[in-house]
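Read the figures in this text as sums done on the coordinates, not as results from a lab. Everything numeric in this text was worked out from a predicted model, so none of it was measured. With ideal geometry, Cβ positions are generated from the backbone for all residues, glycine too; neighbour counts draw on all protein chains shown.
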Amino acid sequence: MRIREIEAKTLLTRVKQPDTWFGLVYSMNLYRSCAHQCIYCDTRSACYEIEDFDHEVLVKRNALDVLERELRTKRAKGPIGLGSMNDPYQPIEAERNLTRGALELVARYGFPVHVLTKSTPAF
């Protein structure tokens with residue numbers, strides 16, 4: 001699996017339709033693509049424009065700076081979902097610690113969070 005760094009322009013995305021299951025207001029993806037390569041993953045869809053889903057994980061190297069800027073300016077606090085487009089605890093997380101850093105920021109700014117993972121998180 002190749003790892004490539006990219007720059008994030010934004011990190012928090014407002015959930016367009018009310019999420020009655022998880023109550024999410026925002027979603028956040030620290031990585032693009034996923035090392036788990038699940039055959040049923042919605043991220044494989046062409047609309048997400050991930051060129052090499054099966055061989056490459058893109059790491060948003062400036063994710064924590066972008067996230068802090070966005071959290072500071074959000075007026076509406078609501079649950080932030082991680083794990084809808086990739087696993088936030090996929091193997092690269094052990095090296096990059098983006099999920100850990102993001103959760104620390106989210107807690108500091110008082111936002112609730114919902115995490116989906118197939119991995120065993122290292123808290």
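Calculate the spin-label point distance for Asn62 paired with Arg4, positioning each point 7 Å from the Cα along the beta-carbon direction, and give it in nanometres.
The answer from the label model is 1.8 nm.
Pop out the ³J(HN,Hα) list for the range 67-78 in order, Karplus 6.51 cos²θ - 1.76 cosθ + 1.60 with θ = phi - 60°, rounded to Hz; leave Gly and Pro as x.
Per residue, the Karplus-derived 3J(HN,Hα) values read 4, 4, 4, 5, 4, 4, 9, 6, 8, 8, 8, x Hz.
Summing Lys, Arg as +1 and Asp, Glu as -1, what charge do residues with Cβ under 12 Å from the Cβ of Leu64 carry, Leu64 excluded?
Net charge around Leu64: +2.
Excluding Val25 itself, calculate the net charge of residues whose Cβ lies under 15 Å from the Cβ of Val25, where each Lys or Arg counts +1 and each Asp or Glu counts -1. Write down the numbers at each step before the final one.
Values: positive: Arg14, Lys16, Lys74, Arg75, Lys77; negative: Asp19, Glu70.
Combined, the nearby Lys, Arg, Asp and Glu give +3.
Hey, what do the phi angles of the range 15-24 turn into as Karplus ³J(HN,Hα) couplings, whole Hz, using 6.51/-1.76/1.60 and θ = phi - 60°, x for Gly and Pro?
Once rounded to whole Hz, the list reads 5, 6, 9, x, 8, 7, 7, 9, x, 5.
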